[in-house]
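The values are calculated or read from the model by the stated rules, or taken from the named source; none is laboratory data. Owing to the predicted nature of the structure, the values given are computational and were not obtained by experimental measurement. Here the Cβ positions follow ideal geometry from the backbone for every residue, glycine too, while neighbour counts run over all protein chains shown.
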There are 4 protein chains.
Amino acid sequence: MIKVGIIGATGYAGNELVRILKGHKEAEIVHYGSRSYVGQRYADVFRNCTEIVPEECGDDNIEEIADKADVIFTATPQGYCAGIVTEEVLKKCRIIDLSADFRLKDVSVYEKWYKIEHKSPQFIKEAVYGLCEINREDIKKTRLLANPGCYTTCSILTVYPLAKAGLIDLSTLIIDAKSGTSGAGRSAKTDNLFCEVNENIKAYGVATHRHTPEIEEQLSYASGEQVMLNFTPHLVPMNRGILVTAYANVKKGVTEDMIRKAYADCYQNEKFVRVLNKGICPETRWVEGSNYTDVNFVLDERTGRVIMMGALDNIVKGAAGQAVQNMNLMFGLPEDMGLDLVPMFP
Amino acid sequence: MIKVGIIGATGYAGNELVRILKGHKEAEIVHYGSRSYVGQRYADVFRNCTEIVPEECGDDNIEEIADKADVIFTATPQGYCAGIVTEEVLKKCRIIDLSADFRLKDVSVYEKWYKIEHKSPQFIKEAVYGLCEINREDIKKTRLLANPGCYTTCSILTVYPLAKAGLIDLSTLIIDAKSGTSGAGRSAKTDNLFCEVNENIKAYGVATHRHTPEIEEQLSYASGEQVMLNFTPHLVPMNRGILVTAYANVKKGVTEDMIRKAYADCYQNEKFVRVLNKGICPETRWVEGSNYTDVNFVLDERTGRVIMMGALDNIVKGAAGQAVQNMNLMFGLPEDMGLDLVPMFP
Amino acid sequence: MIKVGIIGATGYAGNELVRILKGHKEAEIVHYGSRSYVGQRYADVFRNCTEIVPEECGDDNIEEIADKADVIFTATPQGYCAGIVTEEVLKKCRIIDLSADFRLKDVSVYEKWYKIEHKSPQFIKEAVYGLCEINREDIKKTRLLANPGCYTTCSILTVYPLAKAGLIDLSTLIIDAKSGTSGAGRSAKTDNLFCEVNENIKAYGVATHRHTPEIEEQLSYASGEQVMLNFTPHLVPMNRGILVTAYANVKKGVTEDMIRKAYADCYQNEKFVRVLNKGICPETRWVEGSNYTDVNFVLDERTGRVIMMGALDNIVKGAAGQAVQNMNLMFGLPEDMGLDLVPMFP
Amino acid sequence: MIKVGIIGATGYAGNELVRILKGHKEAEIVHYGSRSYVGQRYADVFRNCTEIVPEECGDDNIEEIADKADVIFTATPQGYCAGIVTEEVLKKCRIIDLSADFRLKDVSVYEKWYKIEHKSPQFIKEAVYGLCEINREDIKKTRLLANPGCYTTCSILTVYPLAKAGLIDLSTLIIDAKSGTSGAGRSAKTDNLFCEVNENIKAYGVATHRHTPEIEEQLSYASGEQVMLNFTPHLVPMNRGILVTAYANVKKGVTEDMIRKAYADCYQNEKFVRVLNKGICPETRWVEGSNYTDVNFVLDERTGRVIMMGALDNIVKGAAGQAVQNMNLMFGLPEDMGLDLVPMFP
């Protein structure tokens, strides 16, 4: 039985970790950390856990948690994990960080886009980027796992096969993404009030969103080229789900069959990425509550572009689900343990 | 392994049966019945099941299904189950009917409220009303199970303890209920279009809704009185969830403690009914996707009334979840097998 | 041209006052007051007003505003208006208070339900309760107008005809109300975040909501009896709209025709109250964006109860629209000036 | 007083024509046409019009309507208007067609994208494309007005200034659009049910949507080049609103000032197009219920692309509002008569 500590258990991703881990046969939560609710019963903060989680929220002394846990999930704001991780902690237990602190290999890129100083750059090199379908073998061996961002996971899984196979002109790549509102977190801001989000759609962070360099870095690895792209996120009046619509010029001579084969090569043995049949567009409703990412594409012969599409649940495959998938890999368990969730519809 | 046939697998309740049973260790679905989609792949109708359900939809020859299944769930319109059930079928396999056909013991009440002739009244007597928390022992022994309605389950579980304990004047009982839109089913009607339901709330079926006699009948059994009440359903712009707000005068001398004790007496050992702490109102968000019903009450000393409240997920505890709970009871399995679902939030 | 000052212009009701008054031929807004946004352009707070409102938000020095305005709307939290109103101000300009400060005639009731001390009880007596359809003649003459609450307007207009005509047993009256989320205001609270409200319905303020005594007082005037009732509000995932479902026993011998006549007697000449045809339930979607209240009823012969229903837009007839209707009356203008708004659907 | 006939009055755009025209001082509706509801009271179909529209729905004999109307709006499916327009009708009254029948100048393009035969190609040449901000002078003189599509209006107004000023490489233009669900119409389809649309976002009509050639044609006129682009619409769980996010490479040497000047040149005197301040992204909530289109852009120096954004209400500026704006132009009235609507929020 893996003993799990959660730091940041009272955010949306934290609560989803609880939901998933409660159904995981080999995991047991030993710490529900929360800066804001220390001493309150966890189930009084998230009443879905009434009569399921009797524990109180604890404060976040990472050394103490490391003594009792085999793995710590940090579902915390940027900068937090980098500020508390130490060699001593990592010797005692593994860390799966859901923030961006260890996702980017170039610390200057991190500091530029996130506008904060990185407090422990010495761990960046050993940290493994936890996109399971791509880095599986490295993940199995790491003690410090950088869990990818929600937009990033969706964007990369959607574009990766064509980037890797060299079928698209990456200098033309544009990613237009749409997200449900849970991605904005649970803190009280006027902009996220029901009446402000409902009956509205908007772009935000245009040309400046911090998931951009993360997508660029991973697609650069995949393609062997330096990738620079436009990424535009939009806020959609729904709780969960991310949809990515990506555009790129295909290289000369590229056919639909070649594209389909590239997707198959990458994903035919991947349980959590479903390549849809021709003509079927991914929709967030079909993945809600599950760890699946649905992907597909349309080749527009008229314009010479391929429109790539992907959908996932931002709190599951885009956060807590992928984090558990990473935990399974890191601890030698079946990768899908506790993640065998049929998407819930409607 | 219990072999399960589903008739009406392509409605919302049918799809939820699939979702739940796919996570049930002792059940295997052998028939996905659908009048409208015979010959189509189930996963092409409900794409959440892509790469999870490879089977096609079959037509609904109940004899053939009965040959291969241990239990048949009928998630079908009123009148359908009554029209196909026979002694031969019941000899071969058990039936859990999610429609109203076998819920009411008085066939004339059924025919009056549903305005259809009952095709097999001979089976009404043996059918057991499947509200697990109330009829557990009878459920274990039956071969024909009448699964309660969604509004009904929520209404009865909310009011039952006080009706049973004799603490309220049942002649003053009023039930005001609010439901998400999945309760209206998946057939294409203008009234259920997104733009008609969104940004709207309305009452419907005022004084005529067909769940009324079902609630009355069960509360009459509980109280030993003939109960007649007002039940008013409302349509709420959300996918899932039912909230019941019920009002009744308390009898003279009834105190808050007496009321709380009545709830505890009924539910303290019931896993799927959570009596909330004083001051906490049930909300549908905290039960979504799960088999829980949350209940609580406020005693208004000023007016001498108790306001009883209950919340459940209409497709889970109000339909498919309770149906599986009943199946577990009927087949001697742990009652919560496959139903250990933490509510999904948000 | 009536010069209008708005204190609290940057709440939802304040913005709705702006929207309505911008279309009012005889009104001109001379002050956009806002505690939080002083010095910012109004249109930068409410971008719907881009290129429509060039003014900045001003602070709320009521004497200065009174010098330039003929009427001041206070769309402010409870206690604010009572804290600033003075004889000097009232000599210079009229006040329409959208808060509860002057709605209740008994200051002790106010202080008990609102849990704040009333700062200017000397004005309570002269204040007129501005439910136009009921107090029209008094409204025309007042200088201090207490604009009714949103729930209250809907509840009273729904029940008033039967209370007045003596057709129901008021001791059995129960009001179950459902509101969109704009009623909760624009301040940043976790409970009002999109993900907390969306896909949820809950009751709140059960047996303690502060609109209760206001409804009771007005229905007492209408009936000549002391009315005590249960009022339960619910929060619905939609922006606008209130639906009231009210229950009462009818007195012996009361028929459907008598009830229909009572509604007609009160409302047949009222432009803003629409009594629907038999069998049609009020729905919030049909009044959205307008000053209408739709009402109707069902007489349940079986139980001897009448179910009364009403729907309005909480920010229009429930706040800003009724405030403008009151202004029209107070200044001798046609009552519907600026309010000739066809409900917007969908 | 202009006498107006509406064919297709019982769709969402038809109802919005009614809402707007009821507030128009110089227009009077003389015919409420509806294929599906002939003989029923209009207000029984759209209950927002209770006590506002007493008329019944009429059938659609265009000759008879032309005898009594000065202008006919056809808010009907593709092919309908082309099938009924005749020289006799056009001699008697003007036509504003909200369908696509007369939008495209090349009949073969129409027939290819719409997959129907054009029944009256002889009128295509004289028809004027009614995007008021661009074709104002021609609109004033026409008797047959092709009202632009909703996506098209938003897309063109967003991109037009840069296309006209020659600042972008039009071969790189990509338009990613998001629409509320009212654009899908009021017919009963499973795909448009509340539970299917709510909590979901999807792309549809990828590379094949029929508004594509309309956008291409108009941007070709603006730029003097043959434009071919990708247009991808998405369905968003909200009633109203379209947001367009468009991407193009800027030409060498193009600066932010040059782009801002191009927008100003086109729109500084346009009431209904609001160019937002730097850094402010258009959002659909700020235009809802109004005839405004909000536009803005971000120049991404990093990638050399400009991201252009536009938002409008698909039923107002995207349909009924623009149709009335066109009517005003055609009849020599102030262009904004009846359209002075402050956007309604929330």
Matching residues in region A:251-277 (of a type in the set (Asp, Glu) and within 23 Å of the chain's Cα centre (by Cα)) number 2
Scanning region C:171-199 residue by residue, those over 29 Å from B:Gly304 (Cα atoms), among the polar types (S, T, N, Q) and crowded, with 18+ Cβ neighbours inside 10 Å turn out to be C:Thr181, C:Ser182, C:Asn192, C:Asn198
The lone condition C:Thr181 fails out of (1) free of Cβ contacts under 8 Å to residues at least 60 places away in the same chain; (2) more than 17 Å from the chain's Cα centre (by Cα) is (2)
Taking first residues from region D:40-66 that are assigned by TED's automatic domain parsing to the domain that holds D:His24 and second residues anywhere that are assigned to a helix (DSSP H, G or I) and of a type in the set (Lys, Arg), the pairs with Cβ under 6 Å that are 6 or more apart or on different chains are D:Ala66/D:Lys92
Checked C:Val298, C:Val244 against criteria (out of contact with any Phe, Trp or Tyr (no Cβ under 9 Å at 6 or more places or on another chain), on the phi < 0 side of the Ramachandran plot and buried (at least 20 other Cβ atoms within 10 Å of the Cβ)); the one match is C:Val298
D:Gly39: passes all of (1) at positive phi; (2) out of contact with any strand residue (DSSP E or B) (no Cβ under 8 Å at 6 or more places or on another chain) but (2)
Of (1) aromatic (Phe, Trp, Tyr); (2) more than 28 Å from B:Glu335 (Cβ to Cβ); (3) out of contact with any helix residue (DSSP H, G or I) (no Cβ under 7 Å at 6 or more places or on another chain), B:Tyr80 satisfies every one except (2)
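Let's see how each residue does on (1) under 26 Å from B:Glu16 (Cα atoms); (2) surrounded by fewer than 24 Cβ atoms within 10 Å (Cβ to Cβ); (3) of a type outside the set (A, V, I, L, M); (4) at pLDDT below 95:
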{"position": "B:Ile215", "(1), (2), (3), (4)": "yes, no, no, no"}
{"position": "B:Glu225", "(1), (2), (3), (4)": "no, yes, yes, no"}
{"position": "B:Met228", "(1), (2), (3), (4)": "no, yes, no, no"}
{"position": "B:Arg240", "(1), (2), (3), (4)": "yes, no, yes, no"}
Inset, instruction - Would you check if D:Lys91 is in a loop (DSSP other than H, G, I, E, B) and either of a type in the set (Ser, Thr, Tyr) or at pLDDT 95 or above (or both)? - result: no
Residue hits (region A:278-287; more than 9 Å from chain D (Cβ to nearest Cβ) and either surrounded by fewer than 21 Cβ atoms within 10 Å (Cβ to Cβ) or polar (S, T, N, Q) (or both)) are A:Lys278, A:Gly279, A:Ile280
Conditions (1) over 22 Å from C:Ile201 (Cα atoms); (2) assigned by TED's automatic domain parsing to the domain that holds B:Ile174; (3) in contact with a Pro (Cβ under 8 Å, 6 or more places away or on another chain) -> B:Asn328 fails only (2)
Flagged in region A:122-142 as buried (at least 17 other Cβ atoms within 10 Å of the Cβ) and in a loop (DSSP other than H, G, I, E, B), in numbering order, are A:Ile124, A:Ala127, A:Gly130, A:Leu131, A:Thr142
Checked region D:31-72 for anything assigned to a loop (DSSP other than H, G, I, E, B), among the aliphatic types (A, V, I, L, M) and away from chain C (no Cβ under 11 Å); matches are D:Val38, D:Ala69
Scanning region A:248-270 for residues that are out of contact with any helix residue (DSSP H, G or I) (no Cβ under 7 Å at 6 or more places or on another chain) and of a type in the set (A, V, I, L, M), the one surrounded by the most Cβ atoms within 10 Å (Cβ to Cβ) turns out to be A:Val250
Taking region A:1-30 and the residues there that are touching a residue at least 40 places away in the same chain (Cβ under 8 Å) and assigned to a strand (DSSP E or B), the one that is nearest to B:Leu341 (Cα to Cα) would be A:Ala27
Apart from one, (1) in contact with a helix residue (DSSP H, G or I) (Cβ under 7 Å, 6 or more places away or on another chain); (2) closer than 20 Å to D:Tyr114 by Cα; (3) surrounded by fewer than 20 Cβ atoms within 10 Å (Cβ to Cβ); (4) not basic (Lys, Arg) all hold for D:Tyr204; the odd one out is (1)
Note on region A:288-313: residues assigned to a loop (DSSP other than H, G, I, E, B) and within 10 Å of chain D (Cβ to nearest Cβ) are A:Glu288, A:Glu301, A:Arg302, A:Thr303, A:Gly304
Of (1) surrounded by fewer than 21 Cβ atoms within 10 Å (Cβ to Cβ); (2) in contact with a Lys or Arg (Cβ under 8 Å, 6 or more places away or on another chain); (3) of a type outside the set (Ser, Thr, Tyr); (4) within 13 Å of another protein chain (Cβ to nearest Cβ), A:Gly332 fails just (4)
Of D:Lys119, D:Lys112, the only residue that is out of contact with any Phe, Trp or Tyr (no Cβ under 8 Å at 6 or more places or on another chain) and either away from chain A (no Cβ under 14 Å) or surrounded by 15 or more Cβ atoms within 10 Å (Cβ to Cβ) (or both) is D:Lys119
message = Just to be sure before I move on: is A:Val273 under 24 Å from A:Gly289 (Cα atoms), in the same structural domain as A:Met309 (by TED's automatic domain parsing) and either in contact with a helix residue (DSSP H, G or I) (Cβ under 7 Å, 6 or more places away or on another chain) or crowded, with 24+ Cβ neighbours inside 10 Å (or both) in the structure I sent?
response = yes
For region A:289-311, pairs from a residue that is closer than 30 Å to A:Leu17 by Cβ to a residue that is small (Gly, Ala, Ser) and not in a strand (DSSP E or B), with Cβ under 8 Å and 6 or more apart or across chains, are A:Gly289/B:Gly289; A:Ser290/A:Gly321; A:Asn291/A:Gly321; A:Gly310/A:Ser155; A:Ala311/A:Gly241
